[in-house]
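Laboratory data are not the source of any read-out in this text; all were calculated from the coordinates shown. Source: prediction; values computed, not measured. With ideal geometry, Cβ positions are generated from the backbone for all residues, glycine too; neighbour counts draw on all protein chains shown.
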Amino acid sequence: MEIDGKLALVTGGGSGLGRATVMRLAAAGAKVAIADLARSPGAEVAAELGDQGLFLATDVTSEAEVTALLDAAKEKWGGVVRIVVNCAGIGTVGKTIGREGPLPLEAFTKTLMVNTVGSFNVIRLAAARMAASEPLEGGERGVCINTASVAAFEGQIGQAAYSASKGAIVGMTLPIARDLARDGIRVMTIAPGIFKTPMLAGLPEKAQESLGQQVPFPSRLGDPAEYAQLAEAIVRNPMLNGTTIRIDGAIRMAPR
């Protein structure tokens, strides 16, 4: 799909992988709606983009709030969101049985709600509008990209909730792609390894270097711009559909 002039929606677009994707798509000519929490820098990112950016505080698990953002994008720019990139997510750490007993069930369910249900909620609402729109060249109507993690495949100790949420994203990629194939909507997932996101950026430099050295090559933390580059390539390549691409420098996570 040609990106120039298209409407895009990026969740978690205020920082990290999401922000890098927002900037990459905007540089390619897209108009980008940013979904993130009110406390995020989402409004500042949108302001950087000028007329190409729009921010609305959005809980991705809320049908009403995601719908409001889709409506706002249509009102501002006209047309339909054709590109969705789901980067919003949370990381929950806790052993199944820890020092204080079993992992609180609410911690497990919240992780699934934000990471998995939130991603599905955004896709279903955006895809409904894509499906009702006129097809583009080649019959394509839209592209949806989810974010999983290598933890979906090699979850570490204490990552039961996070791995479950990301494994579910990998698992639903092909069925959703099959569901939406007749409408000309592609669905892909990116599974990043260890990337320099705000969560890791808060660690001491030596700790970051140690993590980076676990990556076979290049032996460093991934740059969010590299994630964004892959997201752009997926949007542009019409044969990428229904699968998950690891972007991890060949790392395979150890138990701890």
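When segment 131-161 is filtered for residues that are over 18 Å from VAL114 (Cα atoms) and buried (at least 24 other Cβ atoms within 10 Å of the Cβ), the ones remaining, listed by number, are GLY142, VAL143.
Against the definition (surrounded by 24 or more Cβ atoms within 10 Å (Cβ to Cβ) and in a loop (DSSP other than H, G, I, E, B)), how does VAL32 come out, yes or no? No. Scan segment 196-221 for residues that are surrounded by fewer than 20 Cβ atoms within 10 Å (Cβ to Cβ) and either touching a Phe, Trp or Tyr at 6+ places or on another chain (Cβ under 8 Å) or among the acidic types (Asp, Glu) (or both) and the total you get is 2.
Quick check on segment 231-241. Is at least one of its residues of a type in the set (Asp, Glu), under 27 Å from ALA28 (Cα atoms) and under 20 Å from the mean Cα position of the chain (by Cα)? Yes, segment 231-241 contains at least one residue that is of a type in the set (Asp, Glu), under 27 Å from ALA28 (Cα atoms) and under 20 Å from the mean Cα position of the chain (by Cα). Residues that are part of a helix (DSSP H, G or I) and not charged (D, E, K, R) were ranked within segment 84-113; the one that is surrounded by the fewest Cβ atoms within 10 Å (Cβ to Cβ) is LEU105.
Residues in segment 216-224 include at least one that is under 19 Å from THR147 (Cα atoms), part of a helix (DSSP H, G or I) and either out of contact with any Pro (no Cβ under 6 Å at 6 or more places or on another chain) or without any contact (Cβ under 8 Å) to a residue 40 or more places away in the chain (or both).
The residue that is farthest from PRO224 (Cα to Cα), counting only those in segment 35-64 that are touching a residue at least 60 places away in the same chain (Cβ under 8 Å) and part of a loop (DSSP other than H, G, I, E, B), is THR61.
The set of residues from segment 231-243 being surrounded by fewer than 18 Cβ atoms within 10 Å (Cβ to Cβ) and either not charged (D, E, K, R) or not in a helix (DSSP H, G or I) (or both) comprises ALA233, ASN237, PRO238, MET239, LEU240, GLY242, THR243. Residues in segment 3-25 that are part of a loop (DSSP other than H, G, I, E, B) and closer than 23 Å to ALA68 by Cβ: LYS6, GLY12, GLY13, GLY14, SER15. Using the structure shown, decide if GLY184 is touching a residue at least 40 places away in the same chain (Cβ under 8 Å), crowded, with 16+ Cβ neighbours inside 10 Å, more than 19 Å from ALA88 (Cα to Cα) and in contact with a Pro (Cβ under 9 Å, 6 or more places away or on another chain). Taking the combined requirement at face value, the residue satisfies it. Restricted to segment 162-207, and to residues there that are of a type outside the set (D, E, K, R) and assigned to a strand (DSSP E or B), the residue that is farthest from ASN115 (Cα to Cα) is ILE185.
Of all the residues in segment 26-44, those that are within 19 Å of GLY5 (Cα to Cα) and in contact with a strand residue (DSSP E or B) (Cβ under 8 Å, 6 or more places away or on another chain) number 6. Among the candidates ILE185, ILE190, ILE176, ILE169, the residue that is β-branched (Val, Ile, Thr) and over 16 Å from ARG124 (Cβ atoms) is uniquely ILE190. Of all residues in segment 56-67, those that are more than 16 Å from the chain's Cα centre (by Cα), under 16 Å from GLY12 (Cα atoms) and either surrounded by 22 or more Cβ atoms within 10 Å (Cβ to Cβ) or among the hydrophobic types (A, V, I, L, M, F, W, C) (or both) total 2. Selection of segment 35-44 for residues being in contact with a Ser or Thr (Cβ under 8 Å, 6 or more places away or on another chain) and buried (at least 24 other Cβ atoms within 10 Å of the Cβ) yields ALA35, ASP36. Suppose we filter segment 45-55 for residues that are more than 17 Å from the chain's Cα centre (by Cα) and crowded, with 16+ Cβ neighbours inside 10 Å; how many remain? Total meeting the criteria: 5.
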